[in-house]
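What follows is one structure encoded as structure tokens, with my remarks underneath.
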Amino acid sequence: MKKYICLIIIAVSFIACEKELELDAPSELTSAGFWESEEGVRTAHTGLFANLRGEAADLWLLGEIRSDVWGGRTYETPSNIDLIESSFTVSTAPFGGWAGIYTNIHRVNDFLLNAPGVEFVNESDKSHLIGQAYGLRAFYYYTLLKTWGDVPIILEPLSTVDPEGLSKERSSQSEVMELIKSDIEASLSAFGSDNSFWQENRNFWSKAATLALKGDVYIWSGNLLDGGAADLNEAKSALEQIEGLGVSLVPDIESLWGVSNEGNNEFIFALQYQRDEASNIYNSFTGRSTEINPQFNADGESMIDFIIAGANRYGQSEKTINLLDDNDDARKDATFIRLYTDDNGGSGYPLYSEPTYFGSIFKKFLGQVDGSERIFENNVPLYRYADVLLLLAEVKNLLGEDPSGEINQIRQRAYGDNYSTTLHGYVSGSQMENTNAILTERYKEFIGEGKRWWDLRRAGDSFVLDNVTFLKSGEEYKLLLPITDDMIGRNPLLDQTPGWQ
């Protein structure tokens, strides 16, 4: 990837959108003759993933911060409290520029318009790149749909300076979902029988990623948009195909996280981070040495030698602390380092102790230490096989089938040698009981990975209201974000999200 970085920076700087759905200049790629060679297409393709990585913070906020995971104690000024508490208004709502997503859609549209006409030495390579691009566009529109509901559909690169041509009405959720499904099928068609990971690298989109997205999308459509059993069966079929594509659970949690483990078979698609190229967002979940070094971890060990230079803007909620307070479950120690103000007489704190609890450090993406510096260069998965298994459990439950097999695969990995069928094995119950069991397992498994808000939303409004204390009955309209005053000022054809008028 690195050999293209300089070209990417140049290309991206030419085509950047200053405002969502509002360009100051036509696409410079076409006018500059960028699309005249295979090398240009390959460079633009790599740039699509640099663009996606640039959205990582917003994607995480959209997918997790409004859930019940965060909002607990921090030892620095907390961030995004208005999102955690859903206390924003139309005037103060975040993501006034559609979270930057339409800028990236423009670049994918540009790619899909121009790349097919470029001659490749191996046309199968071009087909793979096109399959990736359609998958990315489906992912972007799915994120927009989940966040705002009705959104404008734009399928051509924005190449006009006429403001009237840049204004688009919101299309209905059903129309947006139809586009997402169409792009998924176009992606699968382009991949054909090619199940490979591009350059054997899971930091690029793949057929497995499109199938994971398809399962996710069709569950949402089947459960929330009247797609019913037909869509749920499509989801099930897509998810069941992934296991045969070189994807599997790693045997233990220790083999999943850490820079040295990033080539594992569980990651289906992950954002790539490397030193001197880009750092992930998780230094904001750690803290500064001056705050951390005087404390002790849960084993009673001094943190005096812990190397860090971050911030602590997000603290796990007490609900999250208690949920993970299980010493037999490897996810407890793999997810957070709990800090205490003393060592409890050398015994540490095997269980959560509020009076001496200081705060926590999020551990999954801590990067690695080089000398006196910590480098936040963990790759961050957007889809991994544990996700696929629990999505499959969801769809089986919605179809009236037994989801316990998939739930227990996740539990067996989490508990390892501590696993007891009697204590930890799940036995299928009512649909409601199964849904709650799946949500709980996903909660434990995906903390910090941008999943929990979407998981609750995909299950249904009642599950959001039952779990997120800042939302109450009658506030279902808050599940979708409003169109800000600024967005309407720039695009007067936009109608306000229902309930926010």
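The values are calculated or read from the model by the stated rules, or taken from the named source; none is laboratory data. All figures in this text were calculated on a predicted structure; none of them were measured in a lab. So basically every Cβ, Gly included, is an ideal-geometry build from the backbone, and we count neighbours across all protein chains shown. Heads up: the accessible areas ignore ligands, DNA and RNA and are worked out on the full protein's heavy atoms, side chains in. Shrake-Rupley method; radii C 1.70, N 1.55, O 1.52, S 1.80 Å.
The angle between the Cα long axis of helix 5-15 and the longest principal axis of the Cα atoms of the chain comes to about 60 degrees, rounded to the nearest 10. Rolling a 1.4 Å probe over the protein chains gives Ser279 an accessible area of about 80 Å². For the Cα trace of the range 361-427, dividing Rg by the Kirkwood Rh returns an Rg/Rh value of 1.17.
Net length available on complete extension from Ile488 to Ala309 is 60.4 nm, with 0.36 nm assigned per residue and the Cα-Cα distance removed. Taking the Kirkwood radius as Rh and the Cα radius of gyration as Rg, the chain has a ratio of Rg/Rh equal to 0.96.
Could you list the trypsin sites (Lys or Arg not before Pro) in the range 421-501 that lie in coil according to DSSP, counting only those with at most 15 other Cβ atoms within 10 Å of their Cβ? When the trypsin sites (Lys or Arg not before Pro) of the range 421-501 are filtered for loop state and at most 15 Cβ neighbours within 10 Å, Lys472 remain.
Each Cα pair under 8 Å and six or more residues apart adds its separation to the average, and for the chain the resulting relative contact order is 20 percent. Our estimate of slack between Asp466 and Glu200, defined as 0.36 nm per intervening residue step minus the Cα-Cα distance, is 91.5 nm. For the range 330-417, the share of accessible area belonging to carbon and sulfur comes to 43 percent (1.4 Å probe, ligands and nucleic acids excluded). Accessible surface for the range 230-363, divided over its residues, is 42 Å² per residue with a 1.4 Å probe.
For the range 41-192, take every pair of Cα atoms, bin their distances at 10 Å starting from 0, and report each bin as a whole percent. Using 10 Å bins, I get a P(r) of 10, 33, 32, 17, 7, 1 for the range 41-192. Probing with 1.4 Å while keeping every protein chain in the model, the per residue accessible area of the range 77-175 equals 36 Å². In the chain, the calculated helix contribution to ellipticity at 222 nm averages -13000 deg cm²/dmol per residue, counting -39,500 (n - 2.57) for every DSSP H run with n ≥ 4.
In terms of the Cα gyration tensor, with a ≥ b ≥ c the square roots of its eigenvalues, is the range 265-333 rounded because a/c is under 1.5, prolate because a/b exceeds b/c, or oblate? In terms of gyration-tensor shape, oblate. As a fraction of the 1.4 Å probe accessible area of the range 85-158, surface on carbon and sulfur atoms comes out at 49 percent. The figure for Ile154 is an accessible area of roughly 10 square angstrom, using a 1.4 Å probe on the protein chains alone. Relative to the longest principal axis of the C-alpha atoms of the chain, give the angle of the C-alpha long axis of helix 385-398, reported between 0 and 90° and rounded to the nearest 10°. Here the helix axis deviates by roughly 90 degrees. Helix 123-148 axis versus longest C-alpha principal axis of the chain: approximately 70°, rounded to the nearest ten.
Taking 0.36 nm per residue of separation and subtracting the current Cα-Cα distance, fully stretching the chain between Thr421 and Ser37 would add 132.4 nm.
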